[in-house]
Amino acid sequence: MHRWHSVMTAAALAAALTTTAAIAEDLTIGIAAPPTSIDPHFHNLGPNHQIAGHIFDALALKDEKQQIQPGLAVSWEVVDPTTWEFNLRKGVTFHDGSPFTAEDVAFTFERAPDVPNSPNPMSGYTKGIMELEIVDPHRIRIKTDGPYPMLINELSNVWVVSKKHGEGATTEDYMRGDAVIGTGPYKLVSFTPGDKIELERNDAYWGGVEPWENVTLRMIDSGPARVAALLAGDVDMIDDVPTSEIDRLRQDDNLDVWSGPSNRLVFVALDATEDALSTGMIRDHEGNVPSTNPLGDARVREALTRAIDKTVIAERVNQGHAIPINQIVPEGFVGYIPDYPLWTADPDAAKALLTEAGYPDGFQLTLVTSNDRITNAVKTVQAIAQMWTRIGVETEVETMPHSMFSPRRNGNELPVFFSSWGNLTGEASFFLGPLLHTKDKDKGLGGANRNRYSNPEVDSIVETVLNTLDIEERERLLQQAAQIVIEDYTLPTVVLQTVHWATRDGLRYSPRVDQYTFANHVRPVE
């Protein structure tokens, strides 16, 4: 009899995460998304956070439902509207045995936003910090440039590093492993980019001794290859189970599948600026570079949005393992707009909009995606390309590994691309600030704005929200900004991903909304 598991109850999770004795056993996990760096501050990217979470800790940690829990800070309080005080956990040591103190926290928050050559810096999490005051070795005060209601949520994404080993260390030092000294449940043994990461248990971990003595994270970007490795017994667990394989794995008595919703939105990005024409990926209906970017017309962007049948992509392309959406946050997150209708595909209306905008014969686009990061990415962009071609916008598809896609996307070389974003704070500001605020390094905003969107009204709302403590007012403002960007059609969302892990029989895993795969959340079935 096969077993299928959805999200566990809090009580079941607590029981699963409790072990009375260390087990001398090894664990091997096949992970889909390889990290770009093991410097925990170099590149703000999900796969990098996933690796860092094994080795480092943050002031606060998040459980599987993205709720804040004490981490290196056991408690915190708002002293006044611009001052937070954190009481740090005592008795914690780094992997080399040196004590953890407030000096390490201060060093971390000074280093994190300014790592050289970062493609997506951590400055978005620290943008409001004006001053760090060390009260004593286990107490630190953070002064902000105004009320900063999301401070603890954002700092939960900043991994605390050792000042002793990090002072003067470069990203290259971290990549060699020399500076990778954390307080987390595992110590780094070796890192082979594109191949594997080997970890060993930290027996002095403040959170308790883990059951796995040695952990190997094997990077297997091909879905079928991950499944094959699990079936062959080469790995004990895999993440990002291909949707086409879920039903088959559920029928295997030797395996378990663990499923739940995610916080990851999948979207198409449209660059409406005239600079986008220099890429040659936007062409008129005859294949020539046009004099004006058609994506600069909101009617054209709306036509492309209205042409996408999100239900088909969720139900057919993703075999029902995705949720169609046209908002920028999932239901239940702050900024979600209740009763906002899900648009249905309307090719005829899309064609009429193109004609009204002066493109009765359409034009040509190249839609680009990575082929090793988002579940069913290639199939999804192929479906979208067919939908756009059907309304007269002839669309070519270009796919490439994420290692090639990311720098081209970050360098504004891809005016029409398919991507995704996981929401780490549970509210729309985390989508609006990095992706849709005008790029502003000094303010720490727009760091992931890769389609060069710029709307002064949205910028103003975002900046106001970041200084608004009243939750009801935050909700109202975020809903207002969300509706503006939804109806600007420059970043149309397509589906909300669901997430799936598979393990050999005898293991359990609680599905995480943030999609992270953490060895320290894998437990043997008792």
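The values are calculated or read from the model by the stated rules, or taken from the named source; none is laboratory data. Everything numeric in this text was worked out from a predicted model, so none of it was measured. Cβ atoms come from the backbone with ideal geometry, glycine included; neighbour counts cover every protein chain shown.
Considering every residue within the stretch 407-416, establish whether at least one is touching a residue at least 24 places away in the same chain (Cβ under 8 Å), touching a Phe, Trp or Tyr at 6+ places or on another chain (Cβ under 6 Å) and not in a loop (DSSP other than H, G, I, E, B). Before you say what the answer is, go through the steps one by one.
Initial filter on the stretch 407-416 (touching a residue at least 24 places away in the same chain (Cβ under 8 Å)): 407-410, 412-416.
Pick out the ones that are also touching a Phe, Trp or Tyr at 6+ places or on another chain (Cβ under 6 Å) and you get 409.
Next, only the ones that are not in a loop (DSSP other than H, G, I, E, B) stay: 409.
Taking every residue of the stretch 407-416 in turn, at least one turns out to be touching a residue at least 24 places away in the same chain (Cβ under 8 Å), touching a Phe, Trp or Tyr at 6+ places or on another chain (Cβ under 6 Å) and not in a loop (DSSP other than H, G, I, E, B).
Report yes if some residue within the stretch 321-330 is hydrophobic (A, V, I, L, M, F, W, C) and in a strand (DSSP E or B); otherwise report no.
Within the stretch 321-330, one or more residues are hydrophobic (A, V, I, L, M, F, W, C) and in a strand (DSSP E or B).
Please indicate, with yes or no, whether at least one residue in the stretch 417-440 is of a type in the set (S, T, N, Q) and farther than 30 Å from Met219 by Cα.
Yes, the stretch 417-440 has at least one match.
Specify which of the listed residues (Pro407, Pro401) is surrounded by fewer than 16 Cβ atoms within 10 Å (Cβ to Cβ) and within 20 Å of Asp271 (Cα to Cα).
Pro407 is the lone residue from the list that is surrounded by fewer than 16 Cβ atoms within 10 Å (Cβ to Cβ) and within 20 Å of Asp271 (Cα to Cα).
Pick out the one residue from Ala350, Ala314 that is part of a helix (DSSP H, G or I), surrounded by 18 or more Cβ atoms within 10 Å (Cβ to Cβ) and touching a helix residue (DSSP H, G or I) at 6+ places or on another chain (Cβ under 7 Å).
Exactly one residue qualifies, and that residue is Ala350.
Can you confirm whether the stretch 48-56 contains a residue that is within 30 Å of Asn117 (Cα to Cα), crowded, with 18+ Cβ neighbours inside 10 Å and polar (S, T, N, Q)?
yes
Could you identify the single residue in Val180, Val161 that is under 21 Å from Phe42 (Cα atoms), in contact with a Ser or Thr (Cβ under 7 Å, 6 or more places away or on another chain), modelled with pLDDT of 95 or more and not aromatic (Phe, Trp, Tyr)?
Testing whether each residue is under 21 Å from Phe42 (Cα atoms), in contact with a Ser or Thr (Cβ under 7 Å, 6 or more places away or on another chain), modelled with pLDDT of 95 or more and not aromatic (Phe, Trp, Tyr) leaves just Val161.
Consider Glu356 carefully, then state whether it is loosely packed, with under 15 Cβ neighbours inside 10 Å and under 18 Å from Ala428 (Cα atoms).
no
For every residue, the table says whether it meets (1) within 26 Å of Phe42 (Cα to Cα); (2) touching a helix residue (DSSP H, G or I) at 6+ places or on another chain (Cβ under 8 Å); (3) hydrophobic (A, V, I, L, M, F, W, C).
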| position | (1), (2), (3) |
| --- | --- |
| Arg452 | yes, yes, no |
| Val458 | no, yes, yes |
| Asp470 | no, no, no |
| Arg512 | yes, yes, no |
| Phe518 | yes, yes, yes |
| Val522 | no, no, yes |
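Within the stretch 453-506, track down each residue that is closer than 19 Å to Tyr148 by Cβ, surrounded by fewer than 17 Cβ atoms within 10 Å (Cβ to Cβ) and of a type in the set (A, V, I, L, M, F, W, C).
Leu469, Ile471
Name the residue, out of Arg512, Arg450, that is of a type in the set (D, E, K, R), surrounded by 23 or more Cβ atoms within 10 Å (Cβ to Cβ) and at pLDDT below 95.
Details: Arg450 fails: at pLDDT below 95.
Answer to the check: Arg512.
What strands (runs of 3 or more DSSP E), lying completely within the stretch 172-285, carry at least 3 residues that are free of Cβ contacts under 8 Å to residues at least 60 places away in the same chain?
By residue number, 186-192, 196-201.
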